[in-house]
Amino acid sequence: MRVAIAGAGGIAFAAAALLIENGHDPILWSPSGQRTKDLAAGQALTTTGAVSGTYRPKVASSASGLVSGADAVLIALPAYGHRTVMDAIAPHVTDDQVVIISSHASFGALYLSKKLAELGTKAPIVAWGTTVTTGRQKSGTEVHVSTVRSKVDMATVPLSASERGLAMCRALFGDRFNEKDDLLAIALSNLNPQNHMGIALCNLTRMERGETWGQHQNVTTAVGRLFEALDEERLNIAHSFGLSVRTVREHYHFSYGVPMGPVGDMAQVLAERGGGPTGPATLDTRYVTEDAPFGLLPTVLLGKLTQTPATLHEAGLNVFSALYGRDFREENDLLPELGLESLSKSDLQRLAREGWRGTA
């Protein structure tokens, strides 16, 4: 199948390689054109690690060229680029396509649902709780793929299209998907914001000094305790919606195949295996610039909506804003369009199941 990939970073490149391995035909698009210029010039994509080889994905020069003729559209770039990409592709999406968000953040699926509804388009939107692959881009043609996850949570908007959404994900990436109750469950299944908060806050000077350091190695016992305290807040919010979501310990177990235990211990098992990711070597990292406004903030707002405080999440958001000298609350360009703070709990639950056209 032809798969349009909006994005050209490590996750997009790894997805393209994996899709080619699975017999599909991916095409990449970088909104700026900069990240795909080497591939467009004829250079091959080289991957190492969990997906290893040399590949030649196609490159699109425009949003229309990307989406036209595709069976599925995969949005694979940081959340601060989601609105720009969604605005660009929405006019070209058709009812017979499936749009996949890898991974979902800040109710981007509802933003896209609203855009498509305004255009009269009924394409289902699949939201993943995390990415299928993890990795780091090394250059304009190279990416190291650390992991291909064995389990990925997903939900489809609207729920009535769930069978179609699941079938597409499995056809493209294999039998690794676990359907959740609805989009709210996915919003509360993405552990990256809380985990990245713990990693970044507790290793900030390493990042600022540009040091090379092992990420798993530095999720120590104390950092692991912070992960689990943040996790308790997230789980309490999910419970207030009547949802069951995976714990951070289960995430480590199913994603990386390590024995269950305290997060710090599980991380050290991964460190001992070797070959894990290095931590960010700059303050300009999506662990903060993406996850603070598009991950921590939505969790804080969901906590307020359900009267289930996310005290540590809010503290992290405030501390990051102080450290960076910028207000990360003001950098989310998706939530203002949805009016999340003015929605009732029941309104949000209905949107999460039916999508925007369900409220028309």
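The values are calculated or read from the model by the stated rules, or taken from the named source; none is laboratory data. Because the structure is predicted, anything quoted here is derived from the model rather than measured. Quick reminder, even Gly has a Cβ in these numbers, built from the backbone with ideal geometry, and neighbours come from all protein chains shown. In case anyone asks, the SASA skips ligands and DNA or RNA and just uses the protein heavy atoms, side chains included. Shrake-Rupley method; radii C 1.70, N 1.55, O 1.52, S 1.80 Å.
Listing for the model above:
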{"quantity": "For residue 208: the one exception among (1) within 22 Å of the chain's Cα centre (by Cα); (2) open to solvent by 20 Å² or more (accessible area, probe 1.4 Å); (3) modelled with pLDDT of 95 or more", "calculated": "(1)"}
{"quantity": "Where a residue in segment 282-298 is open to solvent by less than 20 Å² (accessible area, probe 1.4 Å) and its partner, wherever it lies, is acidic (Asp, Glu), with Cβ under 6 Å and at least six apart", "calculated": "293/331"}
{"quantity": "Selection status of residue 115, of a type in the set (D, E, K, R) and either modelled with pLDDT of 95 or more or buried (at least 19 other Cβ atoms within 10 Å of the Cβ) (or both)", "calculated": "yes"}
{"quantity": "Out of 15, 8, sole residue that is out of contact with any Lys or Arg (no Cβ under 8 Å at 6 or more places or on another chain), under 30 Å from residue 332 (Cβ atoms) and open to solvent by less than 20 Å² (accessible area, probe 1.4 Å)", "calculated": "15"}
{"quantity": "All positions within segment 308-323 that are in contact (Cβ under 8 Å) with a residue 12 or more places away in the chain and out of contact with any Leu (no Cβ under 9 Å at 6 or more places or on another chain)", "calculated": "309, 311, 321"}
{"quantity": "Positions within segment 59-78 being surrounded by 19 or more Cβ atoms within 10 Å (Cβ to Cβ) and either part of a strand (DSSP E or B) or free of Cβ contacts under 8 Å to residues at least 60 places away in the same chain (or both), in sequence order", "calculated": "59, 60, 63, 72, 73, 74, 75"}
{"quantity": "Whichever residue in segment 256-291 is touching a Ser or Thr at 6+ places or on another chain (Cβ under 8 Å) and part of a loop (DSSP other than H, G, I, E, B) and, among such residues, is modelled with the lowest pLDDT", "calculated": "275"}
{"quantity": "Index of the failed condition, residue 38 passing every other in (1) touching a Ser or Thr at 6+ places or on another chain (Cβ under 8 Å); (2) within 19 Å of residue 168 (Cβ to Cβ); (3) of a type in the set (D, E, K, R)", "calculated": "(2)"}
